[in-house]
Every structure is written in C-alpha cells, then in structure tokens.
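> Here it is, the structure in full.
The values are calculated or read from the model by the stated rules, or taken from the named source; none is laboratory data. Predicted, not measured: the structure shown is a model, and the values here were computed from it. All Cβ positions, glycine included, derive from the backbone under ideal geometry; neighbour counts span all protein chains shown.
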Amino acid sequence: MNRYLIVVEETKTGFSAYSPDLDGCIATGANRDEVEQKMKEAIKFHLEGLKEEHLTIPTPHSFSTYLEISA
C-alpha cells in the first residue's frame, strides 16, 4: 500500500486538491472533507487506469513540512 501526498487549496468556490506524485490527478469539492474523499477516489481511478495501460505506478516521493517564519 502506498501513501500519496495531496495538497489541498481553498478556492473562491470551494476546495481543490492534487498530488505532486501523480501528474494530472486532481479533484474539487465544496469543503475539505468532500475534496479529500473525491481525491481518494481520483487516485484509485488514476492508478487503475495506469494498471490497465500496463504503465508504471509512480512511487510516492513527495513529503511536506511546515516552517515557522517571523513576519
């Protein structure tokens, strides 16, 4: 089982998300819970498509961290 990083961003109309490890795999939703659930479905669909096409499943390589900066 792989763990893929997703980036969730608030937009003017809701939320969007993408995974830096899976080119073109994105989702949108009205709230954070919805976009996370849709992104989970999008990743599953994306990986199934890669398998059907006999393409390599990308190994997760992204990570996240926060930096505290005085402004």
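> Show the residue pairs meeting these rules: Cβ distance below 6 Å; 6+ apart or different chains; first residue within the stretch 14-40 and over 16 Å from Ile57 (Cβ atoms) and touching a residue at least 12 places away in the same chain (Cβ under 8 Å); second residue in a strand (DSSP E or B) and among the aromatic types (Phe, Trp, Tyr).
Qualifying pairs under 6 Å: Ile26/Tyr18; Gly29/Phe15; Arg32/Phe15; Val35/Phe15.
> Which one is modelled with the lowest pLDDT, of the residues in the stretch 23-71 that are among the small types (Gly, Ala, Ser) and within 10 Å of the chain's Cα centre (by Cα)?
Checked the stretch 23-71; the qualifying residue modelled with the lowest pLDDT is Gly24.
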